[in-house]
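Before any comments, here is the structure.
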Amino acid sequence: MPLIIGLGNPGSKYAGTRHNIGFELIDTLAQSLSVRLGPGKGPFHVGKGNHAGQPLYLIKPTTYMNNSGKAVRQAINWYKKEIDHCLVCYDDLALEVGTIRLRPNGSAGGHNGIKDIIQQLGTNAFPRLRIGIGSDFPKGQQVQHVLSPFTDKERTVLNPTLDKAADATFCFIREGIEEAMNKFN
């Protein structure tokens, strides 16, 4: 029973921002699976669903992005899951809008939420789905960029990208990270 964890910042102030694309993916999956999320047994919201006969949990940390590790660690511990049965979904500046990448492990790549997860778990060996948010911003404006909404033009590309990311997540659930990488990278 995999855990699908989407990263973001809680609260309406951050809804629709680039940093919350992980939350948007969880919302897309929840809608597709007719799942409602509610408070979990830790700093996260959770919903239980089923895809292709496989039960799964959708998770949204209620911590801020830079403290995502605590929520991820507590969800993994509560549901007694091995780290390779989790898929962490989040924004990536190094990828253009419209691009997704799956990996079985890796560094934080400058992402503070992933850095905190690695620190809390004591490993970087967890599957992840990176969703491109682009890097078209002036030098020194990274924080403003990730906390800004997508443009209307970017949204026209992003909405089909979220559907593709959902398909990649379903492939991960059915067939594992290697097969999902082969089909979607």
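The values are calculated or read from the model by the stated rules, or taken from the named source; none is laboratory data. In this text the structure is predicted, and so the values were computed from the model without any measurement. In this analysis, Cβ positions are derived from the backbone assuming ideal geometry, glycine residues included, and neighbour counts consider all displayed protein chains.
For (1) free of Cβ contacts under 8 Å to residues at least 40 places away in the same chain; (2) over 25 Å from PHE44 (Cα atoms); (3) exposed (fewer than 15 other Cβ atoms within 10 Å of the Cβ); (4) of a type outside the set (Val, Ile, Thr), each residue gets a yes or a no:
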| site | (1), (2), (3), (4) |
| --- | --- |
| ALA75 | no, no, no, yes |
| GLN119 | no, no, yes, yes |
| PRO138 | yes, yes, yes, yes |
| GLN142 | no, yes, yes, yes |
Extreme residue, modelled with the lowest pLDDT, among residues of segment 123-145 that are under 19 Å from LEU162 (Cα atoms) and not hydrophobic (A, V, I, L, M, F, W, C) | SER135
Kindly check whether there is at least one residue in segment 21-38 that is buried (at least 23 other Cβ atoms within 10 Å of the Cβ), assigned to a strand (DSSP E or B), at pLDDT 95 or above and of a type outside the set (D, E, K, R).
-> no
Among residues of segment 149-185 being part of a helix (DSSP H, G or I) and of a type in the set (Gly, Ala, Ser), the residue nearest to ASP91 (Cα to Cα) is ALA165
Could you list all residues from segment 125-144 that are part of a loop (DSSP other than H, G, I, E, B) and either charged (D, E, K, R) or within 15 Å of the chain's Cα centre (by Cα) (or both)?
-> PHE126, PRO127, ILE133, ASP136, LYS139
Could you say whether any residue in segment 43-58 is under 11 Å from the mean Cα position of the chain (by Cα), in a strand (DSSP E or B) and under 21 Å from GLY176 (Cα atoms)?
-> yes
Would you please list the contacts, defined by Cβ atoms under 6 Å and residues six or more apart or on different chains, that run from a residue in segment 90-105 that is among the basic types (Lys, Arg) to a residue that is not in a strand (DSSP E or B)?
-> ARG101/ASN185
Does GLY113 satisfy the criteria of being within 30 Å of LYS153 (Cα to Cα) and in a loop (DSSP other than H, G, I, E, B)?
-> no
Output the number of residues of segment 79-102 satisfying the condition of being out of contact with any Gly (no Cβ under 6 Å at 6 or more places or on another chain), surrounded by 15 or more Cβ atoms within 10 Å (Cβ to Cβ) and of a type outside the set (Asp, Glu).
-> 12
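The rows are residues; the columns are (1) within 17 Å of ILE131 (Cβ to Cβ); (2) touching a Pro at 6+ places or on another chain (Cβ under 9 Å).
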site: MET65; (1), (2): yes, no
site: SER68; (1), (2): yes, yes
site: ALA71; (1), (2): no, yes
site: ILE76; (1), (2): no, no
site: TYR79; (1), (2): no, no
site: CYS89; (1), (2): yes, no
site: GLU96; (1), (2): yes, no
site: ASN105; (1), (2): no, yes
site: GLY110; (1), (2): yes, no
Taking interchain pairs and intrachain pairs at least six residues apart, which have beta carbon atoms under 7 angstrom, with the first residue in segment 18-32 and farther than 14 Å from PHE170 by Cα and the second surrounded by fewer than 24 Cβ atoms within 10 Å (Cβ to Cβ) and among the small types (Gly, Ala, Ser)?
-> ARG18/SER148
Within segment 52-77, tally of residues that are of a type in the set (Lys, Arg) and closer than 17 Å to VAL35 by Cβ = 1
